[in-house]
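Colleague: Mind looking over this structure? Questions follow.
The values are calculated or read from the model by the stated rules, or taken from the named source; none is laboratory data. Quick caveat: nothing in here was measured; it's all calculated off a predicted structure. When we count neighbours, we look across all protein chains shown, and the Cβ atoms used for this are built from the backbone with ideal geometry, even at glycine. Note: areas computed on protein heavy atoms with side chains; ligands, DNA, RNA excluded. Shrake-Rupley method; radii C 1.70, N 1.55, O 1.52, S 1.80 Å.
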Amino acid sequence: MLFIASDHAGVELKQLLTQYLTNQQIHFEDLGVHTKNNVDYPDIADTLCNKIAKNYESNRGILICGSGIGMSIAANRYYNIRAALCTDPYMASVARKHNDANVLCLGARVIGIGVAETIVMTFLHESFDGGRHHTRIQKLTNQRSNNE
C-alpha cells in the first residue's frame, strides 16, 4: 500500500501529486493534511510511519514538508523506516536500489511538480538490488536495535 501525507507547507504539492497518482491509476491512501493550517511535521510523520510499519517490506510512503528535511529526520527515527529525501530522479533510484528506502521525502519549496512526479514514479518503480546492499541494510537495522 502507498501512503502519502504532508504538513501545511507541503499540502499544495501533495494535492497535485495525489491527482497525478489518481490519473496514473496508482492506489494510495491520503493521510492528510488538507488545509494550510499550521501542524507539526513530527505528528504527520508519526501517522504515516505507523502505517508503513504494519507491513514495512511492501508498504511505501511519501512525506512532504517545506524542505523535506524535517520529515526525513522525523521518519528515520522509526524502526524499519528508511526515509530518503530526494531532489531528483537519480536520488530516488539509488534510494530504492541501494538503500531499500520505503519512505520518500520531498520538499515542496525545493522542487516543482514535474520533477516531483518523476521522482515519485522512479521511487515507486525501482526495486531493491539486494546483494551487498542487503548486508548494509541489515547493519543499519542491527544498529537501531542495539540503541533501543
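Colleague: Enumerate the amide H contacts of Ser6 below 5 Å, restricted to partners 5 or more residues apart or on another chain; note that Pro and chain-start residues carry no placed amide H.
Modeller: It is Gly32, Val33, Ile64, by chain and number.
Colleague: Another one. Between Ala108 and residues 5 or more places away or on another chain, which pairs have amide H atoms under 5 Å apart, with H built 1.01 Å from N, and which residues are they?
Modeller: Amide H neighbours of Ala108, under 5 Å, 5+ apart: Cys65, Gly66, Ser67, Gly68.
Colleague: Using only Cα atoms, locate the centre of the range 61-96 and the centre of the range 1-26, then give the distance between them in Å, rounded to an integer.
Modeller: Between the Cα centre of the range 61-96 and that of the range 1-26, the gap is 15 Å.
Colleague: Same structure, new question: Once label points are set 7 Å from the Cα along Cα→Cβ at both Met121 and Thr135, what is their separation, rounded to one decimal in nm?
Modeller: It is 3.6 nm.
Colleague: Please tell me the relative contact order of the chain in percent, rounded to the nearest whole number, where contacts are Cα pairs under 8 Å and at least six residues apart. Each step should come with its number before you reach the end.
Modeller: Values: 270 pairs, mean separation 34.6, N = 148.
The value is 23 percent.
Colleague: Please report, as a whole percent, how much of the solvent-accessible surface of the range 29-112 comes from carbon and sulfur atoms (probe radius 1.4 Å).
Modeller: So the carbon and sulfur contribution to the accessible surface is 48 percent.
Colleague: Looking at (1) -0.84, -0.98; (2) -0.68, -0.88; (3) -0.76, -0.93, which value of log10 I(q)/I(0) by the Debye sum over Cα atoms at q = 0.15, 0.17 Å⁻¹ comes from a calculation on the structure shown?
Modeller: Calculated log10 I(q)/I(0) by the Debye sum over Cα atoms at q = 0.15, 0.17 Å⁻¹: the matching label is (2).
Colleague: Follow-up question, since we're still on this one. Just need the relative contact order of the range 62-148 here, percent rounded to a whole number, with Cα pairs under 8 Å and 6+ apart. Spell out each step's value before the answer.
Modeller: Numbers: 126 pairs, mean separation 27.8, N = 87.
Over the range 62-148, the number comes to 32 percent.
Colleague: Return the lysines within reach of Lys139: Cα separation strictly under 22 angstrom, same-chain partners fewer than 8 residues apart disregarded; answer none if there are no such residues.
Modeller: Counting by Cα, and skipping residues close in sequence, Lys139 has these lysines nearby: Lys54, Lys97.
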